[in-house]
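> Before I ask anything, here is the structure I am working with.
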There are 2 protein chains.
Amino acid sequence: MKPTIYDVAERAGVSIATVSYVLNNQRVGKKSKEKVLQAMRELNYKPSVLASALTGKPTSTIGFLLPDLANPFVAEMARRVEDRAHERGYNLVICSTDFDPNKEALYTSLLKQKSVDGFILAGGFKSVEIIKELLEEQTPVALLAESHPSTSVNSVKVDDFTGGYEVTSYLLSLGHRRIAVLGEDATSTQDRIRGYKQALMENGIEVREEWIAISDFNRGNGERLVGEMLGASDRPTAVFACNDLLAIDAILAAREKKIPVPDDLSIIGFDNTLLSRACDPPLTTMEQPMQDMCSQVVDLLIEEIEGKSDLKKRIIMLPRLIIRQSTGPCPSDKG
Amino acid sequence: MKPTIYDVAERAGVSIATVSYVLNNQRVGKKSKEKVLQAMRELNYKPSVLASALTGKPTSTIGFLLPDLANPFVAEMARRVEDRAHERGYNLVICSTDFDPNKEALYTSLLKQKSVDGFILAGGFKSVEIIKELLEEQTPVALLAESHPSTSVNSVKVDDFTGGYEVTSYLLSLGHRRIAVLGEDATSTQDRIRGYKQALMENGIEVREEWIAISDFNRGNGERLVGEMLGASDRPTAVFACNDLLAIDAILAAREKKIPVPDDLSIIGFDNTLLSRACDPPLTTMEQPMQDMCSQVVDLLIEEIEGKSDLKKRIIMLPRLIIRQSTGPCPSDKG
DNA sequence: ATGAAAGCGCTAACAC
DNA sequence: GTGTTAGCGCTTTCAT
């Protein structure tokens, strides 16, 4: 049987209270501390997190709800969050919610039963009610790549509006005037599109709603949407995809239609994932400072969990344009 | 405060035992059962997994140790495992071990303290000692995309030897005689290389050790290794990469050296991940029946956890060749 | 500085 | 069929 504090206490010739004290670095005589430590080593004793959690102590476990672990961007995020959490002595329970409010409710409830200390909710978390509920019951929460303007909750994200604005400005600077957007049904997309519209407007360019496509989360859907836009006689010369995965959809659509990228069509992504280097042509994209963002949410959450700070923060980071080979001057402008 | 069985019992006018019984679907009178259920609803009662686990019941949590969540292949695997686990009512605690035995030891120990019911160890798990240790203490374990011939442990994987053999046979059938391999330091690579050598030998082709490259786990390392092989005057006409990520490294190396794929160099991958469709040219690759494999390990592990079966199984699935555009006839053979 | 003992929420004999 | 009660392993108050 696994050794318990009783075994350790007995072996060290002290009471279980004393053992518990050394476990928690409380006041203990140097001598008995040494004996206890010795006994622990000899028995290869590992305290039970369960038992200690039952008495009210935290479990050092964080629930991480994300849309879909199979998405490389999300997976990379998960890895960064995991790393930081481990560094801080926490474990991660990961659940993919598929943008489904039912799953969100299910998993938050489940994880609460398992006494996670807090939640990190990653971009694309749908249910504001759940967030509010967690907040009300004082469950520590932090949002990653997402924020809720009206709610007082910790969050870390990039400035999506600026991102959209800068992407569009860059395309404009290349001479493009006919710029399409491919996004998904998420708040980040909305903000990026606002930035896109702003940039167009400032340059006196009309926004064409038929060039704003929102993909659902089925793989290949973006490819179809871009295909349709490219099929029209009057087609865009540039596509701003709201993430790298969608940008690849756009590349596939262009390839299908035999439209050379970037010569006849510029494509720009968002996220700067591994994918953006691997695809052909390598993707011009907006980089999100992933590592930083992930460390920050974890730290934010842990601060709240450990009660070191009860002020909520909203951290906004700035994205950065990475120019590769999927973008070029507007065709009609060329020599 | 969160309601406990005591609250429920009081409200329903029964004893806590009765409440516990309905919780566990034991013999209870229909009447009191109804009352208890009613009380639970009214109080929005959720049982504490901690407390029940402390009495020896399982936690319905599985520890999933994998090499690196940021690797898209691994992430996809994680997602499948997650799905199946959730279907069966289990949660997943995921830890990336980076092929580092120290991390492996750390996380298994940590998760044992948190009373996970069992472990799934994914391909590339280094430490045989840890596996043996888990086995000895009767901790349920299942291996995914990995197996240990000498140990009696549940495992699910593809037949790597056959995979390597078939990849090589296919390349041979295209006329290639100078075939390089790019692998990583994993048992799966070793088996695939055995298959590769076997196929070469059967065709009377000499194995050239300088064409067998093993990449470490630093990104871009594979690219360098292939670059070196392609730089030699006497270079291979085909590269067998032991996973899609490495195949992309090979594509990048070829692109760098301005060697057209597949015209002057055929490249073949393994895994059939999302990447293989997205890259250019789309990758010919061996498909692992990921979804099946993942469901199976989860089921295998849960069977052991729930004590429904104490026989160990080793499940071997067969990989399947997916032909896309990264492979073609050997240059010198061409019209 | 250390120990005795109550209690965290639940399970499972055992008794009725 | 239902209640009583003794734990599960640990924390923590209160004495000493």
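The values are calculated or read from the model by the stated rules, or taken from the named source; none is laboratory data. Not measured: the values here are computed from a predicted model. Quick reminder, even Gly has a Cβ in these numbers, built from the backbone with ideal geometry, and neighbours come from all protein chains shown. All accessible areas refer to the heavy atoms of the entire protein, side chains included, with ligands and DNA or RNA removed. Shrake-Rupley method; radii C 1.70, N 1.55, O 1.52, S 1.80 Å.
> Tell me the residue from B:ILE131, B:ILE179 that is touching a strand residue (DSSP E or B) at 6+ places or on another chain (Cβ under 8 Å) and within 30 Å of B:ILE323 (Cβ to Cβ), please.
Among B:ILE131, B:ILE179, only B:ILE179 is touching a strand residue (DSSP E or B) at 6+ places or on another chain (Cβ under 8 Å) and within 30 Å of B:ILE323 (Cβ to Cβ).
> Still on this structure: Could you list all residues from segment A:221-257 that are touching an Asp or Glu at 6+ places or on another chain (Cβ under 7 Å) and assigned to a loop (DSSP other than H, G, I, E, B)?
Hits for segment A:221-257 are A:CYS242, A:ASN243.
> While we're here: So A:SER309 clears everything in (1) hydroxyl-bearing (Ser, Thr, Tyr); (2) under 20 Å from A:PRO262 (Cα atoms); (3) surrounded by fewer than 17 Cβ atoms within 10 Å (Cβ to Cβ) except one condition, right? Which one?
(2)
> Counting only residues that are under 26 Å from the mean Cα position of the chain (by Cα) and among the β-branched types (Val, Ile, Thr), how many does segment A:178-208 have?
4
> What number of residues in segment A:118-138 are of a type in the set (S, T, N, Q) and either under 14 Å from the mean Cα position of the chain (by Cα) or open to solvent by 20 Å² or more (accessible area, probe 1.4 Å) (or both)?
Initially, segment A:118-138 is screened for residues of a type in the set (S, T, N, Q), giving A:127, A:138.
Of the ones still in play, those that are also either under 14 Å from the mean Cα position of the chain (by Cα) or open to solvent by 20 Å² or more (accessible area, probe 1.4 Å) (or both) are A:138.
Final tally of qualifying residues: 1.
> Ok, one more. Out of the residues in segment B:287-299 that are touching a strand residue (DSSP E or B) at 6+ places or on another chain (Cβ under 6 Å) and buried (at least 24 other Cβ atoms within 10 Å of the Cβ), which is nearest to B:ALA250 (Cα to Cα)? Steps first, please.
Initial filter on segment B:287-299 (touching a strand residue (DSSP E or B) at 6+ places or on another chain (Cβ under 6 Å)): B:287-289, B:293, B:296-297.
Right, trim to buried (at least 24 other Cβ atoms within 10 Å of the Cβ) and you get B:288, B:297.
Working: B:GLN288: 20, B:VAL297: 31 Å.
Applying the filter and picking the extreme gives B:GLN288.
> Can you pull out every residue in segment B:23-58 that is near DNA strand C (Cβ under 9 Å from one of its atoms) and hydrophobic (A, V, I, L, M, F, W, C)?
In the first step, residues of segment B:23-58 are kept if they are near DNA strand C (Cβ under 9 Å from one of its atoms); the result is B:23-24, B:26, B:45-57.
If the condition is that a residue be near DNA strand C (Cβ under 9 Å from one of its atoms) and hydrophobic (A, V, I, L, M, F, W, C), then B:LEU23, B:VAL49, B:LEU50, B:ALA51, B:ALA53, B:LEU54 are the ones that fit.
> I'd like to check something: does segment B:276-286 contain any residue that is open to solvent by 10 Å² or more (accessible area, probe 1.4 Å), in a loop (DSSP other than H, G, I, E, B), without any contact (Cβ under 8 Å) to a residue 40 or more places away in the chain and outside the structural domain of B:ALA142 (by TED's automatic domain parsing)?
Residues of segment B:276-286 open to solvent by 10 Å² or more (accessible area, probe 1.4 Å): B:277-278, B:280-282.
Now restrict to residues that are in a loop (DSSP other than H, G, I, E, B): B:280-282.
The next check asks that each one be without any contact (Cβ under 8 Å) to a residue 40 or more places away in the chain; those that pass are B:280.
Retained after the next criterion (residues that are outside the structural domain of B:ALA142 (by TED's automatic domain parsing)): B:280.
For segment B:276-286, residues open to solvent by 10 Å² or more (accessible area, probe 1.4 Å), in a loop (DSSP other than H, G, I, E, B), without any contact (Cβ under 8 Å) to a residue 40 or more places away in the chain and outside the structural domain of B:ALA142 (by TED's automatic domain parsing): present.
> Within 15 Å of the chain's Cα centre (by Cα) and outside the structural domain of A:LYS313 (by TED's automatic domain parsing), is that true of A:ASP263? If you could, list the steps in order and put the result at the bottom.
Details: within 15 Å of the chain's Cα centre (by Cα): no; outside the structural domain of A:LYS313 (by TED's automatic domain parsing): yes.
For A:ASP263, the condition - within 15 Å of the chain's Cα centre (by Cα) and outside the structural domain of A:LYS313 (by TED's automatic domain parsing) - is not met.
> Say we look at segment A:67-114 and pick out the residues that are more than 8 Å from chain B (Cβ to nearest Cβ) and among the acidic types (Asp, Glu); which of these is most open to solvent (accessible area, probe 1.4 Å)?
By that ranking, first place goes to A:GLU87.
> Next up: Tally time: how many residues in segment A:54-113 are β-branched (Val, Ile, Thr) and not in a strand (DSSP E or B)?
Going residue by residue through segment A:54-113, those that are β-branched (Val, Ile, Thr) are A:55, A:59, A:61-62, A:74, A:81, A:93-94, A:97, A:108.
Still in the running and not in a strand (DSSP E or B): A:55, A:59, A:74, A:81, A:97, A:108.
So the count comes out to 6.
> Okay, moving on. For segment B:44-82, how many residues meet the condition of being at pLDDT 95 or above and of a type in the set (Asp, Glu)?
1
> Residues being open to solvent by 60 Å² or more (accessible area, probe 1.4 Å), within 25 Å of B:TYR107 (Cα to Cα) and either assigned by TED's automatic domain parsing to the domain that holds A:TYR90 or outside any helix (DSSP H, G or I) (or both): count how many of those fall in segment A:5-37.
Adding up the residues that qualify gives 1.
> Also, I was wondering about something else. Need the failing condition index for B:CYS95 against (1) within 16 Å of DNA strand C (Cβ to nearest atom); (2) closer than 30 Å to B:SER276 by Cβ; (3) not hydroxyl-bearing (Ser, Thr, Tyr), just the number.
The failed condition is (1).
> Residues in segment B:194-220 that are surrounded by fewer than 17 Cβ atoms within 10 Å (Cβ to Cβ), touching a helix residue (DSSP H, G or I) at 6+ places or on another chain (Cβ under 6 Å) and not in a helix (DSSP H, G or I): how many?
2
> Among the numbered conditions (1) over 26 Å from A:THR273 (Cα atoms); (2) crowded, with 21+ Cβ neighbours inside 10 Å, tell me where A:THR168 comes up short.
The one condition A:THR168 does not meet is (1).
> Working only within segment B:38-66, note down all residues that are open to solvent by less than 50 Å² (accessible area, probe 1.4 Å) and within 8 Å of another protein chain (Cβ to nearest Cβ).
B:PRO47, B:SER48, B:VAL49, B:LEU50, B:ALA51, B:ALA53, B:THR59, B:THR61
> Exactly one condition in (1) under 22 Å from A:ALA145 (Cα atoms); (2) modelled with pLDDT under 95; (3) open to solvent by less than 60 Å² (accessible area, probe 1.4 Å) is not met by A:PHE240; state its number.
All conditions are met except number (2).
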